[in-house]
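Engineer: After the structure tokens below, expect a handful of questions from me.
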């Protein structure tokens with residue numbers, strides 16, 4: 001129980017910090033694309049400007065639209081903030097993505113694709129909070 005409380009406190013501190021970090025719409029899209037990339041090949045295509053699949057583009061566009069239009073994304077702590085960018089990805093998997101049923105949704109969010117993409121977003125946001133937009137530079 002103590003470990004859970006400590007982790008919750010740490011996350012709370014990180015998320016509070018992220019509410020103070022400003023991020024441009026352009027960088028929100030970059031973060032979404034990198035977090036949602038299903039493979040190294042897609043990341044390479046993002047770097048080189050190669051054509052991306054329509055499915056991937058639609059996923060990114062839907063997450064971006066959630067970031068820009070959802071009422072929960074328009075508050076002082078989310079709109080234009082790093083926390084809002086992170087929340088757009090978690091919100092996509094919880095509120096936008098369609099699943100065949102609730103069981104599939106839970107599996108995705110707890111241990112599947114949703115969890116993997118959310119972790120990627122978290123890692124990117126940690127880097128952005130520390131290094132700004134250079135954290136989104138594809139090497």
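Engineer: With runs of 4+ DSSP H residues as the only contributors, calculate the mean residue ellipticity of the chain at 222 nm using -39,500 (n - 2.57) per run, divided by the residue total and rounded to the nearest 500. It would help to have the intermediate numbers written out before the result.
Structural biologist: On the way: 7 runs with 93 residues, N = 139.
Helices in the chain give a 222 nm mean residue ellipticity of -21500 deg cm²/dmol.
Engineer: Work out how much length residue 7 to residue 96 would gain on full extension: take 0.36 nm times their residue separation and subtract the Cα-Cα distance, in nm to one decimal.
Structural biologist: Details: separation 89, 0.36 × 89 = 32.04 nm, distance 2.75 nm.
Roughly 29.3 nm would be gained on extension.
Engineer: Can you tell which of 87, 95, 62 shows the greatest fluctuation in a Gaussian network model of the chain with Cα springs below 10 Å?
Structural biologist: 95
Engineer: When the Cα centres of segment 55-120 and segment 13-51 are compared, how far apart do they sit, in Å?
Structural biologist: When both Cα centres are located, 13 Å separates them.
Engineer: Can I get the semi-axes of the chain's equivalent ellipsoid? Compute them from the C-alpha gyration tensor as square roots of 5 times the eigenvalues, in angstrom, largest first. Can you show the working numbers first?
Structural biologist: On the way: eigenvalues 100, 77, 47 Å².
After diagonalising the Cα gyration tensor, the semi-axes are 22, 20, 15 Å.
Every read-out reported here was derived from the displayed coordinates using simple, explicitly stated rules and does not represent laboratory data. None of these values were measured; they are calculated from a predicted model.
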